[in-house]
Amino acid sequence: MPRAGLSRSGWAGFAIAGLLALGVSAYAARYPIVGPPAFAAGLRDSFLRHPWAIYVHAGFGAVALGVGFIQLNPAIRSASYGLHRWLGRAYATAAILGGAAGLYLAPYADTGPIAATGFGLLAVLTMLTTAAGWIAIRSRRVAAHRRWMIRSYALIFAAVTLRIELPLLIMAFGDFVPAYRIVAWLCWVPNLLAAEWWLRRAGARMPPELGGAAA
């Protein structure tokens with residue numbers, strides 16, 4: 001979770017990630033109106049057979065992506081704890097509902113069990129990490145709450161990494177299907193590994209009230 005001690009390059013990376021998150025959030029919010037993007041022709045027909053699920057997944061996913069990034073900003077947490085709590089409730093609700101819809105949609109991707117398993121596991125882990133963070137804060141375990149929410153948002157951020165990686169994979173393979181099978185895992189596994197690396201690295205430097213034992 002970003003802190004005031006970040007270097008200039010660290011803050012620059014944080015700002016770029018924020019712009020990407022908010023941009024993808026705004027783009028995904030269009031799905032309930034215009035449907036899945038045209039380039040995903042292999043998925044469009046399948047998804048449109050389950051319109052309520054894609055609308056829930058895209059709509060709540062957009063909320064989680066945008067609100068979650070705002071929650072990472074330490075200035076907002078410090079300025080208003082009440083606002084942080086309400087935004088946290090919005091994030092947790094959106095992440096769990098979006099994850100549930102994503103789990104429902106995963107088998108209908110029409111690209112086989114590899115992609116379905118990758119996206120299904122992403123959905124399950126998103127719901128589990130978010131729920132763990134919610135339970136932790138209800139138990140007043142602040143350090144554990146922050147750790148679980150960082151893991152949760154790393155998974156939510158797959159919406160951004162997927163949109164960066166998928167076009168590159170399509171160009172590399174010249175075909176949507178193998179690219180989609182790979183991105184079903186590549187969009188979130190490195191994110192989660194990076195979050196775990198950051199938590200272990202930052203945990204040793206955090207003061208007791210922010211660090212504590214890993215959750």
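The values are calculated or read from the model by the stated rules, or taken from the named source; none is laboratory data. Only a predicted model underlies this, so the values are computations on that prediction, with no experimental measurement involved. Because the Cβ atoms are built from the backbone with ideal geometry, glycine has one as well, and the counts that use them run over all protein chains shown. Ligands, DNA and RNA are stripped out before the accessible areas are found, and what is left, the full protein with its side chains, is counted by its heavy atoms. Shrake-Rupley method; radii C 1.70, N 1.55, O 1.52, S 1.80 Å.
Just one of (1) open to solvent by 60 Å² or more (accessible area, probe 1.4 Å); (2) assigned to a helix (DSSP H, G or I); (3) of a type outside the set (Ser, Thr, Tyr) trips up ALA143, so point out which.
Of everything listed in (1) open to solvent by 60 Å² or more (accessible area, probe 1.4 Å); (2) assigned to a helix (DSSP H, G or I); (3) of a type outside the set (Ser, Thr, Tyr), ALA143 misses just condition (1).
Conditions tested, residue by residue: (1) small (Gly, Ala, Ser); (2) over 25 Å from TYR108 (Cα atoms); (3) modelled with pLDDT under 90.
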| site | (1), (2), (3) |
| --- | --- |
| PHE173 | no, no, no |
| ALA179 | yes, no, no |
| TRP185 | no, no, no |
| PRO190 | no, no, no |
| ALA194 | yes, yes, no |
| PRO207 | no, yes, yes |
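Conditions tested, residue by residue: (1) within 26 Å of TRP52 (Cα to Cα); (2) among the β-branched types (Val, Ile, Thr); (3) touching a residue at least 12 places away in the same chain (Cβ under 8 Å).
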residue	(1), (2), (3)
LEU83	no, no, no
ALA109	yes, no, yes
ALA131	yes, no, yes
ILE135	no, yes, no
ARG163	yes, no, yes
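I need the full set of residues from region 91-116 which are open to solvent by 40 Å² or more (accessible area, probe 1.4 Å) and in a helix (DSSP H, G or I), in order please.
Of everything in region 91-116, those that are open to solvent by 40 Å² or more (accessible area, probe 1.4 Å) and in a helix (DSSP H, G or I) turn out to be THR93, ILE96, LEU97, ALA100, LEU103, TYR104, PRO107, TYR108, PRO113, ILE114.
Can you tell me which residues in region 49-61 are in a helix (DSSP H, G or I) and either among the acidic types (Asp, Glu) or free of Cβ contacts under 8 Å to residues at least 60 places away in the same chain (or both)?
At the first step, the residues of region 49-61 found to be in a helix (DSSP H, G or I) are 51-61.
Across region 49-61, the qualifying residues are PRO51, TRP52, ALA53, ILE54, TYR55, VAL56, HIS57, ALA58, GLY59, PHE60.
Taking region 150-201 only, how many residues are within 11 Å of the chain's Cα centre (by Cα) and among the β-branched types (Val, Ile, Thr)?
The number of residues fulfilling the criteria is 4.
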